[in-house]
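I have placed the structure first, in the form of structure tokens, so that the comments after it can refer back to it.
The values are calculated or read from the model by the stated rules, or taken from the named source; none is laboratory data. None of these values were measured; they are calculated from a predicted model. When we count neighbours, we look across all protein chains shown, and the Cβ atoms used for this are built from the backbone with ideal geometry, even at glycine. Accessible surface areas use protein heavy atoms only, side chains included; no ligands, DNA or RNA. Shrake-Rupley method; radii C 1.70, N 1.55, O 1.52, S 1.80 Å.
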Amino acid sequence: MSSTASARASARESARTQLVALAERGFEEPWPHARGAFTGDARPASVLVLFGVLDDLPADRAPDADTVVPADLDVLLLARAATLRSHAGQVAFPGGRAEDGEDAVTAALREAEEETGLDPAGVEVLGAFGELPMPVSNHVVTPVLGWWARPTPVRVVDVAESAHVFRAPVADLLDPANRFTTVMRRGRQTWRGPGFHVHDGDVTHLVWGFTGGILDAMFDQLGWTETWDRTRELEIS
């Protein structure tokens, strides 16, 4: 193995090791990204936060950029169909509501397979965080952290559910040029939260809300966050 290849392998293993440690300790602060109020009994749901080295496509950032993650480290995301009643068009992790009798990990893997076509056998589950409130859809959501040990192709399985399935380079998400504070106003209430732009070919996706909050919290606790301009705002219509 060349010295360059060895360094890349070491960086990938370091990222995985850090993710394992994060899964063990969980989120350290109260969850600040819940919007609205629950309207009844909250329903359990899960999302799969899946990192891995998915292909040889590096981040868009310059090779000499001062990043703390390898250029080929990715996280799996999808854009929800614009016709859905809830969270239409938003970028999300694969996941959904748990079925009766399912635990959080089983639900996350099943939903990810149904939405993206991945093979769950290739996913190493590193752990699960505690339930996070999502009052806007009346769910409590368990993020399940995974490492893609044996990647398989992914795609849009059901166009009624998803418009796009893609792999986002983590280094691009961390790029200060791609980060801003989202602002949503509803009547007299205003919510602010972290937002990211990520480019996939000629498509630019906006990552915000619940998904953006999870990524932001993880990056902060992993020590991966780069200094970015938190006064740069983007209004969400």
**Message:** Please verify whether Leu173 is aliphatic (A, V, I, L, M), touching a strand residue (DSSP E or B) at 6+ places or on another chain (Cβ under 9 Å), without any contact (Cβ under 8 Å) to a residue 60 or more places away in the chain and farther than 19 Å from Ala112 by Cα, treating the condition exactly as stated.
**Reply:** no
**Asked** Can you spot a residue in region 140-153 that is of a type in the set (S, T, N, Q) and within 16 Å of the chain's Cα centre (by Cα)?
**Response** yes
**Prompt:** aliphatic (A, V, I, L, M), more than 28 Å from Ala21 (Cβ to Cβ), modelled with pLDDT under 90 and assigned to a helix (DSSP H, G or I) - does that describe any residue in region 130-145?
**Reply:** yes
**Message:** When you check Thr142 against the structure, is it without any contact (Cβ under 8 Å) to a residue 60 or more places away in the chain and among the hydroxyl-bearing types (Ser, Thr, Tyr), yes or no?
**Reply:** no
**Item:** Unique match (being under 17 Å from the mean Cα position of the chain (by Cα), open to solvent by 50 Å² or more (accessible area, probe 1.4 Å) and of a type in the set (D, E, K, R)) among Glu99, Glu161, Glu113
**Value:** Glu113
**Prompt:** Counting residues that are more than 16 Å from Val141 (Cβ to Cβ) and modelled with pLDDT of 85 or more, which strands (runs of 3 or more DSSP E) fully inside region 35-112 reach at least 2?
**Reply:** 43-52, 74-80
**Prompt:** Does Gly122 satisfy being open to solvent by less than 30 Å² (accessible area, probe 1.4 Å), over 18 Å from the mean Cα position of the chain (by Cα) and not aliphatic (A, V, I, L, M)?
**Reply:** yes
**Asked** Given (1) surrounded by fewer than 20 Cβ atoms within 10 Å (Cβ to Cβ); (2) within 21 Å of Trp208 (Cα to Cα), where does Phe93 come up short, assuming only one miss?
**Response** (1)
